[in-house]
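The values are calculated or read from the model by the stated rules, or taken from the named source; none is laboratory data. As the structure is a prediction and not an experimental result, all values here were calculated from the model. Glycine gets a Cβ as well: all are built from the backbone with ideal geometry, and neighbour counts include every protein chain shown. Just the protein is used for accessible areas: all its heavy atoms, side chains included, with ligands, DNA and RNA removed. Shrake-Rupley method; radii C 1.70, N 1.55, O 1.52, S 1.80 Å.
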Amino acid sequence: MGLMDRLADARRQPGHITPDEMDTSVNSQGQRSRIGRYRATTAHMLREGRQNPLKIAIPAYQQETTNATADDSEQFNLGHSVTDTPVTQPVVVWLDGEYYGTPDSVDYDNDTITVTDSGTDSTVHIYYISDAAASLEIRKAASNADTGSQRVYTGNLGLVHEAPQIEQPEYLRLNQTPLHNWVGTDMTVDVYLDAPYTVRWTDTNGDGTEPTNALLHVPAMVGQSEIQGLTSAVAADMGRQ
């Protein structure tokens, strides 16, 4: 039985690759940085086309401290622009390790938020969606660096974050090579970001906060096992691009 026959016979079910399943990292501002890596333990077929939307919202992170007056409504200036994105909460806030949720108010014209702290001197963890220009790229790669990698998506978050993704979804286009949509066992799906702001998947204080407004759902048909010869075939296929 040839590889294509084994691919056709393989059992798989629809799912998504999400940050929860990735090794996530903080980026370096203004530099292309890997912010997520998913390593496949079975054969995956990435799903392309508008009918399989790629959901994307990557929040910027900022940390502030409330003042010494309890129940005081305080305004905080965001380091970058904030946008009223239609696909997720534009801003979520944590006070120390407690989830505050949406701020009391968001001023999109002046890029400020208002938060009321019932305590004092709390650490304010802010995760907000920006329309600043930022390049997001998703690539698949073989574990052997010599075999290279292949792009499966690229987009400008400054545009993506403002787009009505329900009506105008982002999606994968995987027609560059015959096996462009396949990810073999032990291959990785890597997410790279070049942004002027900091992206964190949790805080540095140990408060256990997280960006509950983040979206990074890569649609895939997730196999139940590895497929003999797929990883080496995909690696060779990437070399043909």
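Quick notes
- Shape analysis of the stretch 144-225 yields a ratio of the Cα radius of gyration to the Kirkwood radius, Rg/Rh, of 1.00.
- Relative contact order (%) - the stretch 1-46, alpha-carbon pairs under 8 angstrom, separation at least six: 28 percent
- The chain, relative contact order in percent, only Cα pairs under 8 angstrom and at least six apart counted: 36 percent
- Heavy-atom accessible area with a 1.4 Å probe sorts Arg240, Arg200, Arg151, largest first, into Arg240, Arg151, Arg200.
- In this rough spin-label picture, where each label sits 7 Å from Cα along the Cβ direction, the Ser135-Thr18 distance is 3.0 nm.
- For q = 0.17 Å⁻¹, Debye-computed log10 I/I(0) when each Cα of the chain counts as one equal scatterer: -1.18
- Among Asp111, Asp71, Asp190, the largest mean-square fluctuation in a Gaussian network model of the chain, built with springs joining Cα atoms closer than 10 Å, belongs to Asp71.
- For the stretch 62-183: relative contact order, % (alpha-carbon pairs under 8 angstrom, 6 or more apart): 27 percent
- Computed over the chain, the per-residue total of -39500 (n - 2.57) for DSSP H runs of n ≥ 4 gives a 222 nm mean residue ellipticity of -2000 deg cm²/dmol, rounded to 500.
- Among residues other than Pro164 with Cβ under 13 Å from its Cβ, the summed charge is -3 (Lys and Arg +1, Asp and Glu -1).
- Accessible area of Ile166 in the full protein assembly, 1.4 Å probe (Å², nearest 10): 140 Å²
- If you wrap the stretch 59-129 in the convex hull of its Cα atoms and look at it from every side, the mean projected area works out to 4.2 nm².
- Using a probe of 1.4 Å on the protein chains alone, the accessible area found for Val26 is around 70 Å².
- Fraction of accessible area attributable to carbon and sulfur, the stretch 59-129 (%, probe 1.4 Å): 37 percent
- Extended-chain gain in nm, criterion 0.36 nm per residue less alpha-carbon gap, Asp84 and Arg11: 22.2 nm
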